[in-house]
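*Asks:* Once you've had a glance at the structure underneath, I'll fire off some questions.
The values are calculated or read from the model by the stated rules, or taken from the named source; none is laboratory data. Note that this is a predicted model, so its numbers are computed, not measured. No Cβ is skipped: glycine too gets one built from the backbone with ideal geometry, and neighbour counts run over all protein chains shown. Heavy atoms of the whole protein, side chains included, go into the accessibility calculation; ligands, DNA and RNA do not. Shrake-Rupley method; radii C 1.70, N 1.55, O 1.52, S 1.80 Å.
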Amino acid sequence: MDRAQLIRELQDEYSRKRGRHRAEADRRLREAVARDPEIGRIRARASAIAVGAMRDMMRVDGEDKRRAIAEKMRRDGLENNRALREHLSALGLPGDWLDEKYDCEKCRDSGLTDEIPARFCECF
């Protein structure tokens, strides 16, 4: 097996690993929503906050107006995250329950660092 093949196989392994972690996070979300449906609404609201802010930014002129929209999005997002943590806590779940978990936090199971230029992570 040459180096290129080995790298491809390792990248495939990392891809499978990320898929497993995504599936585990999805399972935890389904479990949390089954126990408290408001969690699903809060998660949906997070996307709506971001999309709405982007839409509003495209409709206005001026850096100050865009900055105000971004600040409102940040505040709304923080409030939404606080509500999510409260609901998770009420179920006895940790605040990061819905987050994807990684075997390597440094590369988030991608095998590559965030450096420019990207380098293989030490776990690779």
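*Asks:* Output yes when any residue across the range 82-95 is part of a helix (DSSP H, G or I), of a type in the set (Ser, Thr, Tyr), more than 30 Å from PHE124 (Cα to Cα) and out of contact with any helix residue (DSSP H, G or I) (no Cβ under 9 Å at 6 or more places or on another chain), and no when none is.
*Replies:* Within the range 82-95 (the criterion being part of a helix (DSSP H, G or I), of a type in the set (Ser, Thr, Tyr), more than 30 Å from PHE124 (Cα to Cα) and out of contact with any helix residue (DSSP H, G or I) (no Cβ under 9 Å at 6 or more places or on another chain)), the answer is yes, since at least one residue qualifies.
*Asks:* Do you know which of the residues in the range 1-15 that are open to solvent by less than 90 Å² (accessible area, probe 1.4 Å) and of a type in the set (D, E, K, R) is farthest from CYS107 (Cα to Cα)?
*Replies:* Result: ASP2.
*Asks:* Specify which of the listed residues (ARG18, ARG59) is surrounded by 13 or more Cβ atoms within 10 Å (Cβ to Cβ) and modelled with pLDDT under 95.
*Replies:* ARG18
*Asks:* Can you tell me which residue in the range 62-79 is farthest from the chain's Cα centre (by Cα), limited to those that are open to solvent by less than 70 Å² (accessible area, probe 1.4 Å) and within 23 Å of ALA90 (Cα to Cα)?
*Replies:* By that ranking, first place goes to ASP76.
*Asks:* Considering each of ARG27, ARG75 in turn, give the residue that is modelled with pLDDT of 95 or more and more than 27 Å from SER110 (Cβ to Cβ).
*Replies:* Only one candidate passes the filter, namely ARG75.
*Asks:* Taking the criterion of being open to solvent by less than 70 Å² (accessible area, probe 1.4 Å), in contact with a helix residue (DSSP H, G or I) (Cβ under 6 Å, 6 or more places away or on another chain) and among the aromatic types (Phe, Trp, Tyr), would at least one residue in the range 99-116 satisfy it?
*Replies:* no
*Asks:* Something else now. Looking only at the range 21-52, how many residues end up being free of Cβ contacts under 8 Å to residues at least 12 places away in the same chain and of a type in the set (Lys, Arg)?
*Replies:* Residues meeting the conditions: 3.
*Asks:* Of the residues ASP109, ASP99, which is within 19 Å of ARG35 (Cβ to Cβ) and at pLDDT below 95?
*Replies:* ASP99
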